[in-house]
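Structure first, then comments.
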Amino acid sequence: MSTGRSFALGLIGFPVGHSRSPAIQNAALQAQGLAGHYDLFAVPPLPDGLTLLRDLLERVRQGEIHGLNVTIPHKQSVIPLLDELTPAARSIGAVNVIYMQAGRLWGDNTDAPGFLADLAKFAPGASGRALVLGAGGGARAVVYALAGHWEVSLAARRLEQAEPFRQLGASRILELAPADLASAGVCELLVNATPLGMHPAVDGCPWPADLPLPYRARIYDLIYNPPQTRLLQRAALSGLACTNGMGMLVEQAALAFERWTGASAPRLVMQAALQRQLLPG
Ligand code: NAP
């Protein structure tokens, strides 16, 4: 079924060639019978990429492009070029979705609600103490999402990078080092938001080798490639419930798709498209 409208969507970032988003979003458009395409826009870091970035945003203002995702290195640098930010984008300090609404150019962050939606599937009704590892953009979205529902501790290798997380709702800041993690005590949820274990350095693990994992924690690794990181292997061996970042990636993409098209997102189709992308070879 075709609605007659054709959606021009895309991703701005640098580099963008590795992105799974075109496969996920084009599969969603096709499954919903919507005409259009999701393209990649390689925009060099500012100041070199400024003209191109302004150009693309102007095309959104003019209605030529109906929606954009934003990734590294523009999640922060795009903010001054927008008219409005959602509360999530403002608090997290990063934008991953851009769209026009009522004549204004908006920036949103769907990583936080994407994480929360997937967490609700992984651990329905769970709450308590959460320990988040890492202090980058992913960690900011996770801490923002958990704050208010969970008592959040944050562990980072650079304490000066971790301190601002108190404003996002973290009540305790730790060093990402064996002594601090050992004294962190019991937690019900452990989230890895560092890239340790991500392809191609798959032997990495953010949790110290000689320290048992928190004995009753659910383990959530934001990494989705490989699907089973060293951390998740250890969790499975310890009999702990665990999940990877695929669900969050699909959810943040689904929320963006719904914002841009007004259609409901075919999450299972999007997940299958991502899984096909991640098959070896
Ligand atoms: P980021 O902004 O670069 O932050 C990474 C954090 O990890 C920083 O605090 C960094 O500290 C720390 N870190 C890096 N290497 C480390 C090491 N060897 N030991 C200890 N800490 C280390 O990255 P991000 O965007 O938050 O992404 C982090 C991970 O989450 C990536 O694997 C990414 O793919 C994943 N992610 C997944 C989703 C999803 O939808 N599933 C969404 C967002 C992110 P320094 O600043 O000191 O380097």
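Using only the Cα atoms of the stretch 124-240, each taken as one equal point scatterer with no solvent, compute I(q) by the Debye sum, divide by I(0), and report log10 of the ratio at q = 0.09, 0.12, 0.17, 0.23 Å⁻¹.
-0.21, -0.37, -0.78, -1.46
Which residues' amide hydrogens lie under 5 Å from the amide hydrogen of Val97, considering only partners 5 or more residues apart or on another chain, with H built in the peptide plane?
Sorted by chain and number, the residues that satisfy this are Val70, Asp108, Thr110.
Report, by chain and number, residues whose modeled amide H sits under 5 Å from the one on Gly36, excluding near sequence neighbours (fewer than 5 apart, same chain).
Phe7
Hey, what did the chain get for relative contact order, percent, Cα under 8 Å, at least 6 apart?
On the way: 553 pairs, mean separation 46.9, N = 281.
Relative contact order for the chain comes out at 17 percent.
Given the peptides 174-181, 270-277, arrange them by the average over their residues of other C-beta atoms within 10 Å, most packed first.
Working: 174-181: 16.0, 270-277: 18.0.
Ranking the peptides 174-181, 270-277 by packing returns 270-277, 174-181.
Please list the helices of the chain that count as membrane-span-like by this rule: a mean Kyte-Doolittle hydropathy of at least -1.0 together with Cα atoms stretching 18 Å or more along the helix axis, each helix being a complete DSSP H run. Provide the component values of the computation, followed by the final result.
Details: long enough: 246-261 (22 Å, 0.42).
Answer set is 246-261.
Heavy atoms only, probe 1.4 Å: what % of the accessible area of the stretch 208-264 goes to carbon and sulfur, would you let me know?
Numbers: 1260 of 2410 Å².
Result for the stretch 208-264: 52 percent of the exposed heavy-atom area is carbon or sulfur.
Counting only DSSP beta bridges with both residues in the chain, what percent are antiparallel, rounded to the nearest 5? It would help to have the intermediate numbers written out before the result.
Numbers: 7 of 43 bridges.
That works out to approximately 15 percent antiparallel.
Using the Karplus curve 6.51 cos²θ - 1.76 cosθ + 1.60 with θ = phi - 60°, what ³J(HN,Hα) values do you get for each residue of the stretch 152-166, in whole Hz, with x for Gly and Pro?
Karplus-based 3J(HN,Hα) across the stretch 152-166 equals 9, 10, 10, 10, 9, 6, 10, 5, 5, 6, 7, 3, x, 5, 4 Hz.
Compute the orientation-averaged projected area for the stretch 78-129 from the convex hull of its Cα atoms and round it to one decimal in nm². The partial results should precede the final answer.
Values: hull surface 18.3 nm².
Here the figure is 4.6 nm², rounded to one decimal.
Over the stretch 165-281, calculate the relative contact order: mean separation of alpha carbon pairs under 8 Å at least 6 apart, over the residue count, as a percent. Walk me through the numbers before you get to the answer.
On the way: 143 pairs, mean separation 21.5, N = 117.
Relative contact order comes out at 18 percent.
Place the peptides 89-96, 57-64 in order of packing, highest mean first, counting for every residue the other Cβ atoms within 10 Å and averaging per peptide.
Working: 89-96: 22.6, 57-64: 13.6.
Ranked by mean Cβ neighbours within 10 Å, highest first: 89-96, 57-64.
Return the long-range amide H neighbours of Val132 (sequence gap of 5 or more, or a different chain), with a cut-off of under 5 Å between placed amide H atoms.
Answer set, sorted by chain and number: Ser153, Leu154, Ala155, Val191.
State log₁₀ I(q)/I(0) for the chain at q = 0.07, 0.13, 0.15 Å⁻¹ as given by the Debye formula over alpha-carbon point scatterers of equal weight, solvent excluded.
Debye output, listed in q order: -0.26, -0.89, -1.15.
What does the accessible area per residue of the stretch 124-240 come to in Å², with a 1.4 Å probe and no ligands, DNA or RNA counted? Intermediate results must be reported in sequence, preceding the final value.
Working: 5510 Å² over 117 residues.
Accessible area per residue: 47 Å².
The values are calculated or read from the model by the stated rules, or taken from the named source; none is laboratory data. These figures come from a predicted structure and were not determined experimentally. Every residue, glycine as well, gets a Cβ built from its backbone with ideal geometry; the counts of neighbours run over all protein chains shown. These area figures cover heavy atoms from the full protein model, side chains too; ligands, DNA and RNA do not enter into them. Shrake-Rupley method; radii C 1.70, N 1.55, O 1.52, S 1.80 Å.
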